[in-house]
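Remarks on the structure that follows.
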Amino acid sequence: MIDLHGIKEQLYFFFVRLSLPSPLLTTYIYSKPRLLLLPTTTHPSSHTSLITSLLLLLPNPPSISTLIYTYIYAWDRRRDHIMGFLKAKGETYKAVDNVDLGPHSNEFYLRANVKAPRMAGFLVKVFVWFLEMPIFGSVMLYFLKRNNLIHKHVTFAELQESPLYVPLHSYEGKEEKEVICVEYGASPSEQVGQASGCLPSILEPPKYSFSRWTILDYSTAYNSKLITPRKVMERFLSAVHRSSTCSMQMSFFINFDADDILRQATMSTNRYEQGEPLSVLDGVPIAIKDEIDCMPYPTTGGTKWMHKVRGCKDDAECVKRLRSCGAILVGKTNMHELGAGTSGINPHHGTTRNPYNVARIAGGSSSGSAAVVAAGLCPAALGVDGGGSVRMPAALCGVVGFKPSFGRVSHSGILPLNWTVGMVGVLAATVEDALLVYAAISSPKSSDQSETAQPKLCFPLLKSPKLIPNIKLAKYGEWFNDCSDDIRSCCSQALAKLYKSYGWKTIEVTVPEIEVMRLAHYVTIGSECNTSIARELEKLNKEELGWDARVALSVYGSFSSQEYLNAQRIRNRQLQIHKRIFSKADVIVTPTTGVTAYTIQKDVRETGELDYINGAALVRYQIAGNFLGLPAVTIPVGYDMSGLPIGLQFIGKPWDESLLIHIAFGMQALCISEYKRPEVFFDLLGK
């Protein structure tokens, strides 16, 4: 039996949180059953809502639709006047050169102040119904943006900077230490060969309580004839089928083709038998996020409809490069619909579950790619990082997540959902695995958006972390500490280990306007996503979209040209701020997320979930990497009290991937002996 009183309470307090005008709300919320319209002591009613209540108790009351549209008409007449009266005062930003970035700066740290309660199930449907109403929806969106400070910090902000539309960085030549540089024209397999020569020589693998099989483990096993790629892929398919049973429902993949996988495995096995593997990646299973074109699969973007309007006719450039190295491409991994969320909850293809606790989220949007690596199905996978979508799920699932500089990896063959903030990234079991896949997919001339010169592609010599002394890590204390107690403690201990073992120092700085950057990034990624699929959305039956995606697209479509332009001016401003910080330090260090993986509620299966408070905590440290096009990497450094993984993030200078990987390798060396086995794990190379 439906609890009408309970629904009424939830709806009332939901809209109160949004600070929306009461006449329309009372009309709808209190209309059924009619007796519920009577004002209550817990719900102070305006004169208008009291009149509405009395009207509906008349012998022949007007219909609910008549009342709604009467109020809509009246509200529309007053809207311009009221909107002008309620217009938020825009922030006036001082000149960048006058901003103090020192440790004792008086710059105020603005915490995320999200004004939107968690919703799923029935509440999401009602919210979408209101949001998609022609007039009332625009009013709701206005208040949503105002109450969540977009108006103050972006829309009506006063800035001196000009817009910066694409975060491509010119190369400021410098001498890199302890690296090997790739010559122009090298093939992907040649680049992988050079990268593998940078890895430490290990005569006998160290014995840890738990470790995942690496790319070199697969290559060594194949060359030693301990097992064949065909046999490994048979085990892989068995494991995927087990993970899809009713008892597990891990929802790792949206699509995989057993025949195609076995065909690739047979070809790889033949090459090893002939002593002619293409590279160390030959025969290694690598999964591809379903935002990246990979034959013979459609590219759905986590939707039910994308592949119907955009066919996949060829591999993406990054996939072609992996295929040329002999990697076995094992299917398309699950993701948050359109990449428009941080949880990985997908009402169409199932919710990817975290291998460390199947009741928790894997994170998004590259949820499946993170989970298959964590569960041992692949030593590496590709994702796309538009707002932390590689690093965030990597941290929640206890694996490495690496995003190169914007433009380093070709965007050809990627769904065009976020042109200037998205970047192909790597999720991997270890830093060494991330380096090998990075070597395969990157190109010194891969930028397809500009002729801006790039530096040579260089790989770090990972013989020992101690080879590079005097590393300086910039840390903004208030930002760093804006996370759960377990994360703060774990990440602080990790920094102490770096200093004790290598002498790498942490220097205190101030990174101002971080929340402003998050809002500006949200305007940017939302505008780009909406624009890229606007034509398809006009023809689309809304029933094919998930409910949470419909909310996201409604918000994305509300952003104006003024908001987009101001967001790009904030991008320029933040880039100048970060350049000043990088003049003092080699990298910026933060936790990767503000919270660990949270629980998957029972009400998300049909509608997905709106949880912007947890979402803001998950992306808290991610935005600079995307908005400013900076390379970034997350490394697992420990676990919270519930045994859920915690990641530490390093954000580097443009094109400084080699130093970033070296630092990540040093951090991994201090933590890897304490890594724990997930609840769900498949051993593909074991006897």
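Per-structure values
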item	result
FRET efficiency, GLU132 to LYS225 (Cβ-Cβ, R0 60 Å, nearest 0.05)	0.50
Given (1) 31.1; (2) 47.9; (3) 40.1, the label whose value is mean projected area of the Cα convex hull in nm² derived from this model	(1)
Cut-off 11 Å between beta-carbons: net charge of the residues surrounding ARG580, Lys and Arg +1, Asp and Glu -1	0
Net length gained if the chain between LEU467 and ARG111 were fully extended (0.36 nm per residue, minus Cα distance)	124.3 nm
Accessible area per residue in Å² at 1.4 Å probe, computed on the chain	39
Cα-based reach from LYS207 at 13 Å (exclusive), listing aspartates and glutamates while leaving out same-chain residues under 8 positions away	GLU674
Qualifying lysines (Cα of each under 22 Å from Cα of LYS225; at least 8 residues distant if same chain)	LYS687
Computed label-point distance, nm, for sites LYS313 and SER412 using a 7 Å Cα→Cβ extension	1.4
Efficiency of FRET from Cβ geometry, ILE202 and ARG263, R₀ 30 Å, rounded to 0.05	0.35
Taking only Cα atoms of segment 149-300, radius of gyration then Dmax in Å	22.4, 67
Nearby aspartates and glutamates by direct alpha-carbon distance to LYS403 (threshold 19 angstrom, same-chain neighbours under 8 apart not counted)	ASP290, GLU291, ASP293, GLU317, ASP385, GLU432, ASP433, ASP448, ASP586, ASP656, GLU657
Net charge of Cβ neighbours under 14 Å - reference ARG111; Lys, Arg +1; Asp, Glu -1	-2
Listed pairs LYS320/LYS463; LYS505/LYS653; LYS231/LYS289; LYS497/LYS676; LYS289/LYS505; LYS231/LYS313 exceeding 27 Å between Cα atoms	LYS320/LYS463; LYS289/LYS505; LYS231/LYS313
Estimated inter-spin distance, SER211 and GLN249, nm [label 7 Å along Cα→Cβ]	3.7
Neighbour-limited loop hits for chymotrypsin sites (Phe, Trp or Tyr not before Pro), segment 579-687 (at most 15 other Cβ within 10 Å; DSSP other than H, G, I, E, B)	PHE681
Cβ crowding within 10 Å averaged over residues, with 337-344, 220-227 ranked highest first	337-344, 220-227
Sparsely packed chymotrypsin sites (Phe, Trp or Tyr not before Pro) within segment 94-132, loop by DSSP, other Cβ within 10 Å at most 12	PHE108
Mean Cα-pair separation over length for the chain, i.e. relative contact order, pairs under 8 Å, 6 or more apart, %	19
Over segment 233-369: Kirkwood hydrodynamic radius from C-alpha pairwise inverse distances, Å	15.5
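The values are calculated or read from the model by the stated rules, or taken from the named source; none is laboratory data. Note that the structure is a prediction, hence the values are computed from the model and not measured. FYI the Cβ positions are ideal-geometry reconstructions off the backbone, even for glycines, and counts take in every protein chain you see. Keep in mind that these areas ignore ligands, DNA and RNA; they rest on the heavy atoms of the full protein, side chains included. Shrake-Rupley method; radii C 1.70, N 1.55, O 1.52, S 1.80 Å.
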